[in-house]
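What follows draws every value from the coordinates through simple rules; no lab data is involved. Just so we're clear, the structure is a prediction, and the values are computed from it rather than from any experiment. All Cβ positions, glycine included, derive from the backbone under ideal geometry; neighbour counts span all protein chains shown.
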Amino acid sequence: MNHIPLQHILFVSTALFFIGMYGMFTRRNLITLLMSVELMLNSVNINLAAFNKYLYPQQNAGIFLALFIIIVAAAEAAIAIAIIIHLYRSHQSIDVEDASEMKY
Amino acid sequence: MLNLTYILIILLLPFGNFLLLGIGSRKISQPFSGWLATLSLLVAASFSLLIAYEYFVVTGPNNGIYPSIELFRYPWLVFGTKLTIEMSWVLDSLTVMMLVVVTLISAMVHLFSLGYMKGEGRYTTYYAFLGLFTFSMLGLILAGNLFQIYIFWELVGVSSFLLIGYYFTKPTAIAAAKKAFIVTRFADLGFLMGILIISFYGETLDIATLIERLTNTTTAQSMAIQTAQWMGISALTWGLAMLFIGGAGKSAMFPLHIWLPDAMEGPTPVSALIHAATMVVAGVYLVARLFPVFQLSESILQLVTYTGIFSAFFAAIIACTQTDIKRVLAYSTMSQIGYMMFSLGIARGDDQYLGYTASLFHLFTHAFFKSLLFLGAGAVIHLIHSNEIDKMGGLRKYMPITHISFLIACLAIAGIFPFAGFFSKEEILLATYHANRPVFVMALITSALTAFYMFRLYFSIFWGKSQPTDPHHTEGTATMKIPLIVLMLCTIVVGFLPFSAWVFQGGSPLASHIDWKFSLIPLTLSGVGIVLAAYFYRKPSDRASEWALVFGGIYRAASNKFYIDEIYRWITQQILFPLVGKPFAWFDKHIIDGTVNGVGTFVGSIYYFIRGMQSGKLQDYLFYFLAGIAAWMIFFFYIWK
């Protein structure tokens, strides 16, 4: 298993993170934004798991933290979807551009 | 037994009226509020009479001197070892006399107002203001501390302002209220400066301590105030002059008298209470209260004397020409207060302190007959609905009680035996005769003028041609007649009180003496004044206007009040406004407002710059968030290390 270098895994997670970030900035659909957030979270999870495996193989705190983040992300997704449904009911749209009343 | 409880009740009853009726002015119905206030004032008045009886008759003098009783003392403001302001209530013979005057006149005015103000709007508020005034005036006379006097001094000024402007829909009433407030406030500035100068050198504000320190020439304070000089005049003289300016403003002495005639815009009972009997004599009271200190400065006593006599004479001349019944009475008040002032001013020399007693005696008697005159005038105005004497005439048939009481009050003010004014005026004239002959001559002439203008008023109202009046109108309710009768009886009786044995200055009381040979001249002069008035005004004729033509310019000047108002207007509008007001207004508008507005504009411009960040767009916020994190990371990794 050790023939895959750490740098490669980090490269994948960095790529995932910036793909998510790109999605956050460019997409207007709130569901897509939520998916982008999930991508960014998962890139962090990959980082945690990889560092745990390569630097401290006898411990597993990093893996547990990754699991914890997955759980929190599930809860967050539930809340976010509830918000999106409510937004749709009031605005007939889930476009972020349409929900910009909260300004100066 | 004299005790604090009576005084407290007397003080708190009017104050309670003010609070209750002021707060509940919309809830408490019309006759009830008036009766409540009137009854409580009647209780206060009877307590005052009780106190006076116990103080003067039951307790009596101790070693020939009436004791000064300190009822209460509380250190109110402690500024340090040198300056402490202590609230104290002090009862001495002067205070007891004033207590009786204030509560009795106030009770009568409350009672009279029940009929006079019936049906007026803001009836309950009117009684609340009367309560405030009575409370403040009582506080003023009971105060044992200069600072406390100043507080109540301003409070009576405020209540006077409120009551003059009672008919606040009338522009003239508003103008008069503002004029009274501004003129007296201007004078009070002098009063405050006087208090500060005197208390700075005396190192206390307590009146008894102050008098004790300053009259004893060996104390450090006395030496300091006598030696400290500014522009060649000692600090004592400056301080007293400033105090006197305050007193002169409140007591309508020339040239600060201009507010008093205009103050007649208020309801007539208010004029009777405030602008005839009580508040306007506050200046006299102040000088009397601090008389031992005033006595230390000969020049200030001269100032008091000549201001007093000039005001008395000046006002008497104007009073002869005015046609507004209340204005005549206002000028007559000013004239009589002038009497009290100069009588205080001449109180020294061989006939020690007779002037002092005479002045306060005149204050006492004047309160009764002048408030009687005003209430009588109020009854007349209530019937005629006008202040102009041209519209009146022949009223003696319609209002017999008013007629009799007005006649007696006129006789009293003219100084005819046996009414109250005779005794006090004779004492003033006697004291003046011994002290200062020129002033005495002026006082005699003024006394004759007084008789003339009062009887001019009397004959014009009650004699002369009969005016058609509405048969439905009668003299007024019983509540309007009773005060007239009570005050009329007082006017007849109070002259016989042994006043000079009660209120005096110096170690021993003075014998009250009526010198008939001396009284002959003033009585004759007053008689001449009355006969002249009868000649001119008893029957409708052209005699008065013919004689007015003879006097020509003087008459016109007097009927225009010697153009004092115009002079004031010229000074304020041509000198004060452009030379002082305008620069200050410019400074205020451009420097002070400019600074404040500049700060506002600066903050506003920052707001315009940064408010775009609050766009409401989710992705903008995300961008700021990530940019912030990136900035922090750069900072921590590359700069801070």
Separation of alpha-carbon centers, the range B:1-73 and the range B:230-279, rounded to whole Å: 26 Å
The range B:177-318 pair-distance distribution - Cα-Cα, 10 Å bins, rounded %: 12, 40, 30, 15, 4, 0
Förster radius 41 Å - calculated FRET efficiency between residue B:434 and residue B:12 (Cβ-Cβ, nearest 0.05): 0.40
Isotropically averaged projected area of the range B:486-641, using the convex hull of Cα atoms (one quarter of hull area), nm²: 31.3 nm²
Over the range B:277-436: Kirkwood hydrodynamic radius from C-alpha pairwise inverse distances, Å: 16.3 Å
Leading residue at positive end of dipole, the protein assembly as shown (Cβ point charges), from B:116, B:422, B:6: B:116
Pairwise centroid distance, computed over Cα atoms, of the range A:1-66 with the range B:285-347, Å: 100 Å
Average beta carbon contacts from partner chains per residue of B:622-629, 10 Å cutoff: 1
Within the protein assembly as shown, helix-based [θ] at 222 nm, where runs of 4 or more DSSP H residues each add -39,500 (n - 2.57), nearest 500: -22500 deg cm²/dmol
Inter-chain shielding of B:609-619 (mean C-beta neighbours from other protein chains, 10 Å cut-off): 4
Dimensions (Å) - the range B:269-348, Cα atoms, principal axes, largest first: 42, 24, 12
Estimated dipole of chain B in Debye, rounded to 20 [Cβ of Lys and Arg +1, of Asp and Glu -1, Cα centre]: 1320 debye
Anchor residue B:27: aspartates and glutamates whose Cα lies under 19 Å away (excluding residues fewer than 8 positions away in-chain): B:120
Diffusion constant of chain A at 4 °C, which comes from Stokes-Einstein with the Kirkwood Cα-pair radius and 1.567 mPa s, µm²/s: 83 µm²/s
Residue B:630 versus residue B:62: modelled label distance in nm, points set 7 Å from Cα along the beta carbon direction: 9.3 nm
Cross-link reach list, lysines versus residue B:82, counting only Cα pairs under 27 Å and skipping chain neighbours closer than eight places: none
Order by protection proxy (mean Cβ within 10 Å, highest first), peptides B:110-116, B:531-537: B:110-116, B:531-537
Label-point separation in nm, residue B:593 to residue B:70, each point 7 Å along Cα→Cβ: 5.1 nm
The range B:297-373, dipole about Cα centre (Lys/Arg Cβ +1, Asp/Glu Cβ -1), debye to the nearest 20: 320 debye
Of B:553, B:581, B:484, farthest towards positive along the dipole that unit charges on Lys, Arg, Asp, Glu beta carbons give the protein assembly as shown: B:553
Inter-chain shielding of A:17-26 (mean C-beta neighbours from other protein chains, 10 Å cut-off): 1
Computed E for residue A:103/residue B:585 - FRET, C-beta separation, R0 51 angstrom, nearest 0.05: 0.75
For chain A, built as a Gaussian network whose Cα springs stay under 10 Å, the top-fluctuating residue of A:87, A:34, A:48: A:87
Distance (nanometres) between label positions extended 7 Å along Cα→Cβ at residue A:88 and residue B:560: 9.2 nm
Chain B: radius of gyration over Cα atoms, expressed as a fraction of 2.2 N^0.38 Å: 1.14
The range B:9-113 shape via C-alpha gyration tensor axes, a/c threshold 1.5: oblate
Order by protection proxy (mean Cβ within 10 Å, highest first), peptides B:382-391, B:234-243, B:585-594: B:234-243, B:382-391, B:585-594
Ordering of B:273-282, B:308-317 by burial proxy (mean other Cβ atoms within 10 Å per residue, highest first): B:273-282, B:308-317
Mean projection area, nm², convex hull over Cα of the range B:175-254: 6.0 nm²
Shape metrics for the protein assembly as shown, restricted to C-alpha atoms - Rg then Dmax, Å: 40.4, 143
Surface/4 of the Cα convex hull for the range B:84-197, nm²: 8.1 nm²
Anchor residue B:397: lysines whose Cα lies under 29 Å away (excluding residues fewer than 8 positions away in-chain): B:118, B:326, B:370, B:465, B:481, B:539
The range B:312-464 - charge dipole about Cα centre, Lys and Arg +1 at Cβ, Asp and Glu -1, debye rounded to 20: 320 debye
